[in-house]
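Below you'll find the structure, written out as structure tokens, and then a few comments.
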Amino acid sequence: MRDKKQLLIDCMNRAIESKELAGLNVLVLKDGKEEFYADAGYANIEQKKPFKRDTIIRLYSQSKPITAAAAMLLIQDGIIEPYEPVGNYIESFKKQYTIENGLRHPVREDHPMFIKDLLDMTSGLTYPADDTVAQVCTGALYNELIERLSTDDMMSTMEFAERLGTFPLNFQPGDHFQYGTSADVLGAVIEKASGMKFGEFLKKRIFEPLNMKDTDFYVPEEKMDRYATAYDLGSGEAVPYSGNNLGIRDDGKKNAFESGGAGIFSTIDDYANFARMLMNGGTFEGKEILTERTVRFMTESKLQEGPQKDMTNGWPALGGFSYGNLMRIMKDPEKAGLIAGEGEYGWDGWLGPYFCNDPESRTTFLMLTQRVDYATGITTRKLRNIVFA
């Protein structure tokens, strides 16, 4: 008989002993009830500070499902709708264009960038790189954002989005899938549509109702002793990371740029409450946050054939998955390279936090760690295979 709990603990300890990770914690829920929790290693190696249950980490891209849920709130309330042009909320998105063979082409009138394109990463927006004009322009904007973090003139969520809207798109919206700044622009849309700062909206509609008491776009001074250090372990030694990747302040202090794609700080129990709400059809401790139909809409795959091919080719380790509403969604377990149930959904982050809900087995798997460029790492896949085997 497999001792699943011991297997999980042994796997976690091996990751620490081999210096694959500095520290991590893991939480498994079944029908919203805790089945397993353990932690291993350090949140700060130099101070010998253990990685604990209340350790606060940078979610990076694991912020995206929360941003998607915020959009769902406005969709179910009739404030925004998926096929509404982004230009209805951000002026610079009204006259967008692509560049092909050095020539400028306006986006199609019948398919401007829709809110749905932001949710499905089919917008034509990109992250920084050197291959196209759009990527170079986006990189320059991030560089400016990061430079201004140390000034009294930090770049805001809305300024970031408005500036992005003046750049060329990587492709005609809807034609392809490309991971990029879509969730950050969605945060600005939510800000404009709701009439309140994006962070205020999340606090009022998601964080407070879900009792996510340690979740925000910054870490308050009184909680800094619980804030984990991120480490670069690429050399085999743990080197503390101190950059501001994608404009996220590594010092955890307040940031005018409330990034819907990467900016949220949280703990494993706070994120578990968010996962519980989704697994329970939108309800948390008797309070309806989202309706059951809205959750069903949010957790179904959305990609058409062309964008699906882009995703499959770009992320071979996500075989069997599709994408929709800022999450991976398991569509074909027979093509998967890990043990997974049909309909499983979730996402990860640049420093290694990982979330998934598997409605088939009613199981939630959460893992938090802080390693540079880890995303879904080897230990993550090993742990979830133990859980879902």
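Just so it is clear, none of the values below were taken in a lab; they were calculated from the coordinates. Note that this is a predicted model, so its numbers are computed, not measured. Here the Cβ is made from the backbone with ideal geometry for all residues, glycine too, and neighbour counts use every protein chain on show.
Report summary: the helix-based calculation at 222 nm, which adds -39500 (n - 2.57) for every DSSP H run with n ≥ 4 and divides by the residues of the chain, gives -8500 deg cm²/dmol. What the phi angles of the range 272-280 give under the Karplus curve with 6.51, -1.76 and 1.60, with θ = phi - 60°, is a coupling list of 4, 5, 4, 5, 4, 4, 5, 4, 8 Hz, glycine and proline written as x. Rg and Dmax of the range 250-348, both derived from C-alpha coordinates alone, stand at 15.8, 45 Å. Compute the FRET efficiency between Glu100 and Gln76 as 1/(1 + (r/R0)^6), taking r as their Cβ-Cβ distance and R0 = 56 Å, and round to the nearest 0.05. Efficiency at R0 = 56 Å is approximately 0.90. The phi-based Karplus calculation (6.51 cos²θ - 1.76 cosθ + 1.60; θ = phi - 60°) puts the 3J(HN,Hα) values of the range 184-189 at 5, 5, 4, x, 5, 4 Hz, whole numbers, x for Gly and Pro. Exposure proxy shown here: for Met158, Met224, Met12, the number of other Cβ atoms within 10 Å sets the order, fewest to most, as Met224, Met158, Met12. Short to long, the 10 Å bins of the Cα pair-distance histogram for the range 280-323 hold 27, 32, 24, 17, 1 percent of all pairs.
For the Cα trace of the range 180-325, dividing Rg by the Kirkwood Rh returns an Rg/Rh value of 0.99.
Amide H contacts of Tyr97 (H built 1.01 Å from N, in plane; Pro and chain starts excluded): Val107, Leu169 sit under 5 Å, all sequence-distant by 5 or more or on other chains. With only the Cα atoms considered, the range 95-167 has a convex hull volume of 103 Å³ per residue.
Where both residues lie in the chain, what percent of DSSP beta bridges are antiparallel, nearest 5?
Just about 95 percent of them are antiparallel.
Quick one: net charge of Met277's neighbours, Cβ under 12 Å, K/R +1, D/E -1?
Summing Lys/Arg as +1 and Asp/Glu as -1 gives -1.
In this structure, the amide hydrogen of Ile329, modeled 1.01 Å from its nitrogen in the peptide plane, lies closer than 5 angstrom to those of Ser322, Tyr323, Gly324, counting only residues at least 5 positions away or on a different chain. In this structure, the pairs whose alpha-carbon distance is over 26 Å, taken from Lys64/Lys223; Lys19/Lys309; Lys5/Lys287; Lys94/Lys197, are Lys19/Lys309; Lys5/Lys287.
Near Ile56, the amide H atoms lying under 5 Å from its own belong to Tyr227, Ala228; only residues 5 or more places off or on other chains count, and H is placed 1.01 Å from N. By the Kirkwood approach, averaging reciprocal distances over each pair of separate Cα atoms, the range 72-196 gets a hydrodynamic radius of 14.8 Å.
For the range 65-141, applying the loop criterion from DSSP together with a ceiling of 14 other beta carbons within 10 Å to the GluC sites (Glu not before Pro) yields Glu109.
Beyond 15 Å, how much of the Cα-Cα pair distribution for the range 242-283 remains, as a whole percent? Tail fraction, whole percent: 54.
If you wrap the range 57-120 in the convex hull of its Cα atoms and look at it from every side, the mean projected area works out to 6.1 nm². Using every pair of distinct Cα positions in the range 118-254, the Kirkwood expression returns a hydrodynamic radius of 16.9 angstrom. Rounded to the nearest Hz, the phi-derived 3J(HN,Hα) couplings of the range 153-162 under the Karplus curve 6.51 cos²θ - 1.76 cosθ + 1.60 (θ = phi - 60°) are 10, 5, 6, 8, 4, 6, 4, 4, 5, 4, where x marks glycine and proline. Arranged from fewest to most other beta-carbon atoms within 10 Å of their beta carbon, Glu334, Glu344, Glu159 become Glu334, Glu159, Glu344.
Any idea what the alpha-carbon Rg over 2.2 N^0.38 Å comes to for the range 39-79?
So the Cα radius of gyration is 1.86 times the expected 2.2 N^0.38 Å.
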